[in-house]
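Data first, discussion second: the structure below is written as structure tokens.
The values are calculated or read from the model by the stated rules, or taken from the named source; none is laboratory data. From a predicted model like this one, the values you see are computed outputs, not experimental measurements. Here Cβ is always computed from backbone atoms with ideal geometry, including for glycine, and neighbour counts include all displayed protein chains. In case anyone asks, the SASA skips ligands and DNA or RNA and just uses the protein heavy atoms, side chains included. Shrake-Rupley method; radii C 1.70, N 1.55, O 1.52, S 1.80 Å.
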Amino acid sequence: MVAVPSLFSLRHLLVLSLALNVSLILRTLYHETGEGNKWWFCFKKKMMADAESCFTTSPTASLHNSTRENIIDLDHGDPTMYERFWRQMGDKTTITIPGWQSMSYLSEGSNICWFLEAEFATEVVRLHNVVGNAVTEGRHIVVGTGSSQLILAALYALSSPDAAEPISVVSAAPYYSSYPSMTDYQKSGLYQWAGDAENFDKEGPYIELVTSPNNPDGYRRKSMVNRRQGLLIHDLAYYWPQYTPISSPSDHDLTLFTASKSTGHAGMRIGWALVKDKEVAKKMTKFIELNTIGVSKDSQLRAAKVLKAVSESCKEEKQENGGESFFKFSYKVMAQRWKQLREVVDGGDMFSLPQFSPAFCSFFGKETEPQPAFVWLKCEGDVEDCETFLRGYKIITRSGTQFGASPKYVRISMLDTDETFIQFIERLSAIQERE
């Protein structure tokens with residue numbers, strides 16, 4: 001009979017057996033109820049901790065635990081946080097598309113945007129009316145493959161092909177890190193990146209990108225340059241009640257929104273623009289036509305179903321036993337995450353966070369505080385390169401230098417899964433204690 005190594009005592013085998021049985025029970029509950037309850041994560045975390053403590057009785061085991069620390073990648077704003085809500089929704093957003101449907105390039109109707117699906121346009125207007133975050137009357141809807149394509153379409157539409165030189169494109173720092181590369185990637189003769197709007201002093205026409213709430217720091221923004229020949233693009237990807245108080249409907253000439261940050265469906269690659277000027281809408285449509293010959297109808301139909309479910313959840317919440325709306329769920333998750341983060345940061349002097357003032361939110365009918373999709377974290381003290389410092393602890397972030405700001409800052413996503421966020425909070429706390 002083969003002898004059992006001393007590392008695996010009867011106690012260890014019993015713990016392993018218990019862990020396997022608990023894992024089977026949790027897996028069954030996961031598929032039946034999803035991850036909708038907070039106890040799921042707390043219970044799983046507690047069981048893992050208890051099991052690990054049984055195996056850390058030797059120096060070898062302790063060394064193994066210290067070296068297996070996983071990488072926490074929060075560089076991108078991948079909105080997987082929302083998966084928990086959509087699992088709870090079950091089949092409410094499931095669609096079936098027959099093989100014969102959506103075969104034509106053209107969509108029905110007489111829209112300027114000839115590939116815009118009527119069902120999607122209807123749900124866009126409905127959702128904005130429910131939330132109260134944008135004026136839709138007198139606007140042309142242009143659909144794009146995410147707001148990234150719409151930004152390029154807007155730059156194309158606002159530029160003049162007859163200009164003596166490319167029009168300058170600016171945004172106030174810290175600006176969205178992709179603005180410079182998106183503007184200059186194709187080395188267009190129509191437009192070029194000109195940097196921080198606050199330092200822009202060139203005479204003549206310009207385009208200013210106004211992101212509000214701002215990515216990366218979360219503050220509300222207005223145009224900075226304010227000259228007569230200025231053309232504005234308002235990127236309002238985060239102007240939704242889970243991130244910021246809705247003070248009034250946005251009423252601008254050209255406004256961009258995206259499904260990735262409003263509902264969490266980044267993989268659908270759907271964004272939309274609300275455009276006041278007919279000719280600008282035509283030129284944006286032409287750009288998308290030249291770029292991708294339209295936008296996926298399948299994605300538009302799915303997006304319409306999702307937006308409809310969001311609007312319906314807001315309506316049903318007001319009814320007796322109507323359940324929790326998408327925005328209430330999202331707001332509560334974001335509020336809890338920001339509370340946990342502030343508690344950790346306030347527990348030491350290694351880091352600092354932006355401070356926000358509460359304001360009345362017309363959607364919730366009460367005063368709420370901004371809780372952005374990203375953390376604009378600053379390393380205090382002697383740490384000059386915050387991104388490199390955190391990378392040393394296997395936390396991947398995006399350096400402030402990519403946003404036109406100091407390397408003492410980093411942008412960190414708040415939209416990852418609950419499990420990843422818990423790991424991030426624990427590691428940040430450990431850094432505070434260690435340093």
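Put a dot 7 Å past the Cα of GLU369, heading toward its Cβ, do the same for SER110, and the two dots end up 5.2 nm apart.
Per-residue 3J(HN,Hα) values for region 343-348, derived from phi via the Karplus relation 6.51 cos²θ - 1.76 cosθ + 1.60 with θ = phi - 60°, read 4, 5, 5, 5, x, x Hz in sequence order (x marks Gly and Pro). Inter-part distance, region 210-247 to region 71-139, computed on C-alpha centroids, equals 22 Å. Relative to the current alpha-carbon distance between ILE422 and ASP277, full extension at 0.36 nm per residue lengthens the span by 47.6 nm.
Projected label points at GLU137 and ASP253, each 7 Å from Cα along the beta carbon direction, are separated by 2.2 nanometres. Using the Karplus relation 6.51 cos²θ - 1.76 cosθ + 1.60 with θ = phi - 60°, the per-residue 3J(HN,Hα) values for region 300-317 come to 5, 5, 5, 4, 4, 5, 5, 4, 4, 4, 5, 4, 5, 5, 5, 5, 5, 4 Hz, with x marking Gly and Pro. Placing pseudo-labels 7 Å out from each Cα toward the beta carbon at LYS202 and GLU317 gives an inter-label distance of 4.5 nm. Rounded to 0.05, the FRET efficiency of the LYS286 and ARG391 pair, given R0 = 60 Å and the Cβ-Cβ distance, is 0.90.
Close amide H contacts of ILE207 (hydrogens built in the peptide plane, cut-off under 5 Å, sequence separation of 5 or more or a different chain): SER168, VAL169, VAL170, LEU231. All other residues whose Cβ lies under 12 angstrom from that of THR258 are scored, Lys and Arg at +1 and Asp and Glu at -1, for a net of +1. Each residue of region 170-179 is assigned a 3J(HN,Hα), and the resulting list reads 9, 7, 6, 6, x, 9, 4, 4, 8, 4 Hz, derived from the Karplus form 6.51 cos²θ - 1.76 cosθ + 1.60 (θ = phi - 60°), x at Gly and Pro. Within region 396-414, which residues have the backbone N less than 12 Å from the label spot 7 Å out from GLU435 along Cα→beta-carbon, could you tell me? From region 396-414, the list is 408-410. Can you give me the % of accessible surface on region 98-315 that is carbon or sulfur? Probe 1.4 Å, all protein chains present, nothing else counted. The value for region 98-315 is 49 percent carbon and sulfur by accessible area. Averaged per residue, region 173-279 has 41 square angstrom of accessible surface, using a 1.4 angstrom probe with ligands and nucleic acids left out. Measuring r between the beta carbons of THR122 and MET89 and using R0 = 25 Å, the FRET efficiency lands at 0.80. Under 21 Å from the Cα of LYS282, which lysines turn up, not counting those fewer than eight places away in the same chain? Answer for LYS282, where 21 Å is the Cα cut-off: LYS297, listed by chain and number.
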